[in-house]
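Okay, so here's the structure we're looking at.
The values are calculated or read from the model by the stated rules, or taken from the named source; none is laboratory data. The shown structure was predicted, so the numbers you read here are calculated from the model rather than taken from an experiment. Cβ placement follows ideal geometry from the backbone for every residue including glycine, while neighbour counts extend to all protein chains displayed.
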């Protein structure tokens, strides 16, 4: 009896905590928006973050993209061979990359690389009281620390997605044409035939939204760290888990709305 | 060590991203602006199931265009195709819908024609269309053929199969044998009779020979001019008379041909033909106009609750065209007609209002119909006004709003009601009369009306000069 009531108690507590957390993230988003439109913009800080989020993620994103495209071509080939429709492998890879896998895998990789780093960085600053020091110096921590990261996330993830789309299709081509022996002309022709401009652009809109989600959650978790080194580690883990889940869930709804 | 600033790195990265995006958009959107230059031709197919917009149009397997649009036209599919400008289509090309493989997508194949003098121009239509041999149709045809064959074999087996069939076949053979035997018997038994028959036939031919020789003699006599017939044939004067008759006949026909004389003029004068044509078309016009012309008579009685009185309408609706009509009507309103008189005596103007109770009011309106809406205007209850009718449920239900008797010193007479066709000629209505009235004339009402088309009246009206609008 007592145990049951404790369980219900805990359940209610965790629901409350989660709802509260969601509200706080939203409030943080609003304050980021309000600070974003207030000049002066710290361009140097923004570019630094863009370099960190975008340029330094190229390698991992290219690797992810190229192997995803390759494996899709390989799997698709076995499926399509049953219907003698091997020529559709190219368009399957291209559609899959541009609409779904490009944005989602890129943002997951960026979450793992940059989102975790944001949480760890801000968390360390919080537990070593550097953020408090910023406030004391009348420098708003949201403006100086969070706004550049969010801007970098929103702008860089779509660019990374373009790269991932392209190398993914290239990977599919390398598996499909030389390895599996699909006619190269038909492979390319079917891509241009079945992929629309809208497929690419909607994928990029998705990527921008994922970039916002991952940078906002990473910053939020880092910004609200407490409890020393252990707290920093916890914040980093939570940031990656929450951001990944949010990306995957929102992906479903974005797809339902867009396509 | 030389180091690149983070701005430069980011800029370079974004540039690369944009170049890739531009390249992909260009490749994907290739046909978007590449083909817009082509010209449009169309073809009508019975069935285009499976053919999609943007499907390929090919000649001998080479893509020469795309399907621009597929629409329904008179129960058939009108397919519009955009053909690239450097491909010219002969006027007698054939269009057919084909399938890539068995499960593949559909495309339009154009079989080149042989007439190379003129080409199809923008917007023209390919007249020759072949039905494609798709799997569905093939299977359906094979099924139909199998059904036919089955029917034949079934009836054959019904006739021949089984003991009954065998028995009847046997009896047929037996009957034939019997017949041959009896014929043989007949010939044997009547051998003698046949020989006498042949003898009498020979005698008859001898008699006929004699008859022919006497006929010969008679014709020889006629030839020599003997007897009445002979004289008639041989007499020269008979032939002269015949000649003269023929000559005068010739003269008459010549005159007619040249257009001389009354009859000739009638036949040869162009004006006559024109007049006749005109008369005929005039009659035609008149008849069609008379046929279009419809007249309706209606009576409507309305019971006004608040004044406990009834209002009656007698209306004639003249409809020269489907969407245009005139209404002439008489209204008996128990409240009568209001007349206002301004009398000025010694600089003071007094206004007296009078209601003439026995006065009859008139409706004279012109109306025009657009789809379900009729706009009317003219005299309503002897004052200027307008009305709007809205029809619903195939004209069964009618909503009407009328506004008339506009006067600066009081509110106009507004009336709104709905009318429902209960039976063919019987209508029920309910509404609110003069609902803005500031003189207590305002009243809800129910009404009943009878309306029918009057054919006799129509012919009465059309036999008089047709009123022109």
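Whether a residue is outside any strand (DSSP E or B) and in contact (Cβ under 8 Å) with a residue 12 or more places away in the chain was assessed, and residue B:123 passes this test. When residue B:141 is tested against (1) modelled with pLDDT of 80 or more; (2) surrounded by 10 or more Cβ atoms within 10 Å (Cβ to Cβ); (3) not in a helix (DSSP H, G or I), just one condition goes unmet, and that condition is (3).
Here residue A:50 meets the list (1) out of contact with any helix residue (DSSP H, G or I) (no Cβ under 6 Å at 6 or more places or on another chain); (2) within 14 Å of chain B (Cβ to nearest Cβ) almost entirely, failing just condition (1).
Of the residues screened, residue A:186 is one that is surrounded by fewer than 20 Cβ atoms within 10 Å (Cβ to Cβ) and within 14 Å of chain B (Cβ to nearest Cβ). Taken as a whole, the condition of being within 14 Å of chain B (Cβ to nearest Cβ), assigned to a helix (DSSP H, G or I) and in contact with a helix residue (DSSP H, G or I) (Cβ under 7 Å, 6 or more places away or on another chain) does not apply to residue A:25. Looking across the stretch A:153-162, the residues that are facing chain B (nearest Cβ under 9 Å) and buried (at least 24 other Cβ atoms within 10 Å of the Cβ) come down to A:156, A:158, A:159, A:160, A:161, A:162. The residues on offer are A:87, A:91, A:107, and the sole one that is surrounded by fewer than 19 Cβ atoms within 10 Å (Cβ to Cβ) and touching a residue at least 24 places away in the same chain (Cβ under 8 Å) is A:87. Exactly one residue out of A:117, A:164 is touching a helix residue (DSSP H, G or I) at 6+ places or on another chain (Cβ under 8 Å) and closer than 30 Å to residue A:230 by Cα, and it is A:117.
Each row is one residue, and each column tells you yes or no for (1) modelled with pLDDT under 85; (2) surrounded by fewer than 10 Cβ atoms within 10 Å (Cβ to Cβ); (3) in a helix (DSSP H, G or I); (4) at negative phi.
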site	(1), (2), (3), (4)
B:137	yes, no, yes, yes
B:153	no, no, yes, yes
B:159	yes, no, yes, yes
B:163	yes, yes, yes, yes
B:166	yes, no, yes, yes
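Counting the residues of the stretch B:404-439 that are surrounded by fewer than 18 Cβ atoms within 10 Å (Cβ to Cβ) and assigned to a strand (DSSP E or B) gives 10.
Please verify whether residue A:60 is surrounded by fewer than 21 Cβ atoms within 10 Å (Cβ to Cβ), within 18 Å of residue A:103 (Cβ to Cβ), in contact with a helix residue (DSSP H, G or I) (Cβ under 6 Å, 6 or more places away or on another chain) and more than 10 Å from every other protein chain (Cβ to nearest Cβ), treating the condition exactly as stated. Here the answer is yes, as residue A:60 does meet what is asked. The single condition among (1) more than 15 Å from the chain's Cα centre (by Cα); (2) surrounded by 21 or more Cβ atoms within 10 Å (Cβ to Cβ); (3) closer than 28 Å to residue B:7 by Cα that residue A:68 does not meet is (3).
State yes or no: is residue B:98 surrounded by 13 or more Cβ atoms within 10 Å (Cβ to Cβ), touching a helix residue (DSSP H, G or I) at 6+ places or on another chain (Cβ under 7 Å) and modelled with pLDDT of 80 or more? Answer is no for this residue. When restricted to residues that are over 21 Å from the mean Cα position of the chain (by Cα) and part of a loop (DSSP other than H, G, I, E, B), the stretch B:287-323 contains 4. Are there any pairs with C-beta distances below 9 angstrom linking a residue in the stretch B:233-255 that is over 27 Å from residue B:218 (Cβ atoms) to a residue that is not in a helix (DSSP H, G or I), with the two at least 6 apart or on different chains, and if so which? Within 9 Å, the pairs are B:254/B:260.
One residue stands out in the stretch B:101-120 among those that are surrounded by 12 or more Cβ atoms within 10 Å (Cβ to Cβ) and in a loop (DSSP other than H, G, I, E, B): the one that is modelled with the highest pLDDT, namely B:112. Restricting attention to the stretch B:62-87 and to residues that are free of Cβ contacts under 8 Å to residues at least 24 places away in the same chain and within 18 Å of residue B:113 (Cα to Cα), the residue that is surrounded by the most Cβ atoms within 10 Å (Cβ to Cβ) turns out to be B:63.
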